[in-house]
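What follows is a short report on a single structure.
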Amino acid sequence: MRDYVEIGIGREARRTYDLEDIAIVPSRRTRSSQDVDVSWHIDAYSFDIPICSHPTDALAGPEFAIEMGKQGGLGVINAEGLLGRHEDLDGAVEKIIEARNGDGNATKVLQELHAAPLNTDLLADRIAQVRDSGVTVALRVSPQRARELADVVVKAGAELLFIQGTLISAEHVQKGGEPLNLKEFIGSLDVPVIAGGVNGYTTALHLMRAGAAGVIVGSGEVDAVNPLGIGNGFATQIADAAAARRDYLDETEGRYVHVLADCPMYTGGDIACAIACGADAVVLGYTLASAAEAAGKGYYWQSAAAHPRFPRGFVSATDEWVGQENQRSLESILKGPSTSAFGDMNLVGGLRRAMAKCGYTDIKSFQKVDIAVAN
């Protein structure tokens, strides 16, 4: 039963919950973490760990995407980012960092760098670099430019296409332009599409009915700032999308659509809570920015931080992990060994241990674990 409270005379609001508001309840049985399988499969693609990277230039240059794939996850490249606009990617990142640490406005620099024209040949070359390494290639496009860029990135080697914005629907309508009907658009593509973000049952179900292979819940750490005032608790968002997945599975007599949680998560415990709420995989941003392989060299910003008229998010430093000489490897962040007592390293090990302590050995069954409201 949904929980509604009165916030004023004649006005009610639904009470929702964030990941930090809930706790996983262990059962009478425990298992060894070595027996836990955290692999994830979507369409024809399999991954050893249920972790993707947020599509931002602060993370996914070609080197990062390749290393992410080698570690068993999925690195997602932003097709509209700096990779296809600047030959000297390191130089562009340095300008952002200098503005962040100096008197300049880092957001303004981001906007100026993204104002450069998109060079599809340069983008294709960088996609090819990832493709030639043998890892799965994933590209993100915005709903506004999906029609323009989808064929370009698919021809260049994209195997999974993320159509991702802060909040999208199955039909994107824009004044003076042809509406993007995702059902028709997805049906015209030869690659699986993962679409989002969504923040509730109805939109998630619409995207599933449009043919999406996966639905993204949330839109990263930008929601922690929430300049649009849109959204609800992330635990509730994930659970609602999982309910839509269950109903759609019944409706179609067996078509399973994956739920990816893209919300603030910083520890293996956060990832475990997201999966306990119903996620099949998670999308991490800031948590991976301290990796030595990350393009941002220890600095992080959302893909939406460079919007030309309404930027959302900002350039932040990952504290002591700034600077190549101090940064940790992506492998240590994902798989350890950990030297941190705060759960922000060996994320997969933390997830495995949480599942094992509750007696579960795979992702699907762990989605049924009991949950308690912690606050």
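The values are calculated or read from the model by the stated rules, or taken from the named source; none is laboratory data. Fair warning: this is a prediction, and the values are worked out from it, not measured in the lab. All Cβ positions, even for glycine, are placed from backbone atoms using ideal geometry, and neighbour counts span all protein chains on display. Just so you know, the surface numbers come from the protein's heavy atoms only, side chains and all, with ligands and any DNA or RNA stripped out. Shrake-Rupley method; radii C 1.70, N 1.55, O 1.52, S 1.80 Å.
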Here the relative contact order (percent) of region 232-375, from C-alpha pairs under 8 Å and at least 6 apart, is 22
Sparse-neighbourhood loop hits (GluC sites (Glu not before Pro), region 24-126; DSSP loop; Cβ within 10 Å at most 15 others) -> Glu87
Once Arg85, Arg11, Arg145 are ranked on solvent-accessible area with the largest value leading and a 1.4 Å probe, the list reads Arg11, Arg145, Arg85
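Percent of alpha carbon pairs in region 335-375 separated by more than 11 Å? Can you show the working numbers first?
Working: 557 of 820 pairs.
Cα-Cα pairs of region 335-375 separated by over 11 Å account for 68 percent.
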Under a 1.4 Å probe, counting only protein heavy atoms, Arg353 has an accessible area in Å², nearest 10, of 130
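Roll a 1.4 Å probe over the protein chains and send me the accessible area per residue for region 330-374 in Å². Before the final figure, lay out the partial values.
Numbers: 2210 Å² over 45 residues.
I get 49 Å² per residue for this part.
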Against the 2.2 N^0.38 Å rule of thumb, the C-alpha Rg of region 47-122 sits at a ratio of 1.21
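Quickly rank 302-314, 274-286 as a protection proxy: mean count of other C-beta atoms within 10 Å, highest first.
Numbers: 302-314: 18.9, 274-286: 26.1.
Highest-to-lowest ranking by the protection proxy: 274-286, 302-314.
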Sorted largest first, the C-alpha extents of region 1-144 along its principal axes in whole angstrom are 54, 51, 32
Expected field for Lys364, accessible surface area in Å² at 1.4 Å probe radius, rounded to 10, holds 90
Among the Cα-Cα pairs of region 16-80, the proportion with separation greater than 20 Å, in percent, is 51
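Could you give the C-alpha radius of gyration of region 241-375 expressed as a fraction of 2.2 N^0.38 Å, taking N as the number of residues it contains? Please list the in-between numbers first.
Numbers: Rg = 17.3 Å, N = 135, 2.2 N^0.38 = 14.2 Å.
Relative to the rule-of-thumb radius for its length, region 241-375 sits at 1.22.
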Percent relative contact order for the chain, counting Cα pairs under 8 Å at least six residues apart, stands at 23
Rounded to the nearest 10 Å², the 1.4 Å probe accessible area of Thr166 is 40
The FRET efficiency for Gln34 and Ser329, from their Cβ-Cβ distance with R0 = 30 Å and rounded to 0.05, is 0.85
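I'm a student and want to see the number: the projected area of the Cα convex hull of the chain, averaged over all directions, in nm². Kindly include the intermediate steps, with their values, before the conclusion.
Details: hull surface 80.5 nm².
Dividing the Cα hull surface by four gives the mean projection, 20.1 nm².
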Once Tyr248, Tyr4, Tyr17 are ranked on solvent-accessible area with the largest value leading and a 1.4 Å probe, the list reads Tyr4, Tyr17, Tyr248
Env charge @ His258, Cβ radius under 10 Å, K,R +1 / D,E -1, value -1
Zone reached by a paramagnetic label modelled 7 Å from Ala374 Cα along Cα→Cβ, restricted to region 11-41 with backbone N below 13 Å, covers 18-26
Of the accessible area of the chain, computed with a 1.4 Å probe and all protein chains kept, carbon and sulfur make up a percent value of 46
Under a Gaussian network model of the chain whose springs join Cα atoms within less than 10 Å, the largest fluctuation of Val141, Val191, Val25 belongs to Val25
